[in-house]
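Have a look at the structure below, then the notes.
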Amino acid sequence: GKKTTVLRVHMSEFSPPFVGAIDQGTQSSRFILFDSKAAVVASHQKSHHQIIPQPGWCEHNPDEIVESVEECVREVMTKIDGLGLSANDIKCVGITNQRETTVVWDRETGAPLHNALVWLDTRTRVTCDLVVAAHGGDRDCLRDKCGLPISTYFSGMKLRWLLDHVPEVRAAADAGRALFGTIDSWLIYRLTGGAVHVTDVTNASRTMLMNLATCAWDEDLCTRIGVPMSLLPEIRSSSEVYGRFASGPLKGVPISACLGDQQSACVGHCAFRPG
C-alpha cells in the first residue's frame, strides 16, 4: 500500500529550515519532511512484504526495504518540488527503525546474503537453548554486561543462526566479506553508496553484543554467543553526521541522526531524564 500526504500548500506557511525523517518499520517505510516548528510538510508511506517460510518465522527482503525507502523519498521530493522546495532546503535526514531485525550482506557486492530475520522471528529458539545450556541453564547469565536475557528477540542470536545455517553467510564471514547490521546499518550503508558501516548505541544495545558499561562491542559476549567481531558495524552516537546520500533526489544531504524506534518515541515525547 501507498499513502502520500501534503499538509500545507503555500510556501509562505513553512518555517525553514527543513529536516527529513525515515521511519522504517515492521510493516512499512515512511519518509516525512518537517519544518523548524515540527509541522509536517509532506509524507509518503509504502508497505513491504512479510515473508513467512513456516510458523514462527518472519523475514523481510532487504532490497525491498531499501526500495520502499527510496520510493518514499522520491514521492515526497516530487510533492515539495511543486511548492518550490528542493534538496537544497533540507538540512539533514534522520533514521528511525524497527529494532533487532538482522541483515548480513557481502561487502564486495553490497548484496544481501539472506533475507532479514525480523525481530519477531523465533527460529533461533534451539540456538538460544544451546547457549543457555553452555552457561549452566541461566538465561540471564549475560545480563550484567548487555542488559538482556538470552532470547530469540535479539540480533546476536539471529546472526549466530545465519552463520550456523546459511552456508553463504558462513563462507562470506570466513572470507572477510560479510557485514552484519540491523536495519539502520543496512539503510545507512546503502544510502551512502556503501561508504559507511555504522550503527548507533540504541540499536547496538538490542543485539546482546554491546557492553552497556562501555557502549562498545564486547569480545567476551561475542565469543559466548559465537559471532565474529569482524562483521560488526562501528558503534556511533545517535546524533552525528554518519555520511551523505550518494545518489537520488537527496544526493549530498547528510544523514545525521539514528535511533531505534522505541527509543526515538521516547525522544519524541521529550523523555530525556529517568523517571
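Here are the numbers for the structure shown:
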| quantity | calculated |
| --- | --- |
| Segment 238-261: number of residues that are under 25 Å from ASP81 (Cα atoms) and assigned to a loop (DSSP other than H, G, I, E, B) | 9 |
| Meets criteria (at pLDDT 95 or above and part of a loop (DSSP other than H, G, I, E, B)) for GLY94 | no |
| Leading residue by the ranking (nearest to THR26 (Cα to Cα)) among those in segment 49-67 that are surrounded by 23 or more Cβ atoms within 10 Å (Cβ to Cβ) and not aliphatic (A, V, I, L, M) | HIS60 |
| Selected residue (only one of ILE65, ILE80 is among the β-branched types (Val, Ile, Thr) and closer than 24 Å to ARG206 by Cβ) | ILE65 |
| Residues of segment 65-91 classified as outside any helix (DSSP H, G or I), touching a residue at least 12 places away in the same chain (Cβ under 8 Å) and over 25 Å from the mean Cα position of the chain (by Cα), total | 3 |
| Qualifying positions in segment 245-261 - modelled with pLDDT of 90 or more and touching a strand residue (DSSP E or B) at 6+ places or on another chain (Cβ under 9 Å) | PHE245, LEU250, LYS251, GLY252, VAL253, PRO254, ILE255, SER256, ALA257, CYS258, LEU259 |
| The listed residue being farther than 23 Å from LEU212 by Cα and either of a type in the set (Asp, Glu) or crowded, with 22+ Cβ neighbours inside 10 Å (or both), out of ALA178, ALA133 | ALA178 |
| Only one of THR214, THR207, THR192 that is among the hydroxyl-bearing types (Ser, Thr, Tyr) and surrounded by 21 or more Cβ atoms within 10 Å (Cβ to Cβ) | THR207 |
| Of residues in segment 112-147 being closer than 30 Å to ASP63 by Cβ and of a type in the set (Val, Ile, Thr), the one farthest from the chain's Cα centre (by Cα) | VAL126 |
| Residue match in segment 1-8 (condition: surrounded by fewer than 19 Cβ atoms within 10 Å (Cβ to Cβ), of a type in the set (D, E, K, R), touching a His at 6+ places or on another chain (Cβ under 9 Å) and at pLDDT 95 or above) | no |
| Per-region count, segment 216-235, residues assigned to a loop (DSSP other than H, G, I, E, B) and either among the hydroxyl-bearing types (Ser, Thr, Tyr) or more than 19 Å from THR96 (Cβ to Cβ) (or both) | 5 |
| Test for SER29: is it modelled with pLDDT of 95 or more, assigned to a strand (DSSP E or B) and either out of contact with any Leu (no Cβ under 9 Å at 6 or more places or on another chain) or within 23 Å of VAL198 (Cα to Cα) (or both) | yes |
| Any hit, segment 37-51, residues being part of a strand (DSSP E or B), out of contact with any Cys (no Cβ under 8 Å at 6 or more places or on another chain) and of a type in the set (Val, Ile, Thr) | yes |
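The values are calculated or read from the model by the stated rules, or taken from the named source; none is laboratory data. Since the structure is predicted, the reported quantities are computational estimates derived from the model, not experimental observations. Every residue, glycine as well, gets a Cβ built from its backbone with ideal geometry; the counts of neighbours run over all protein chains shown.
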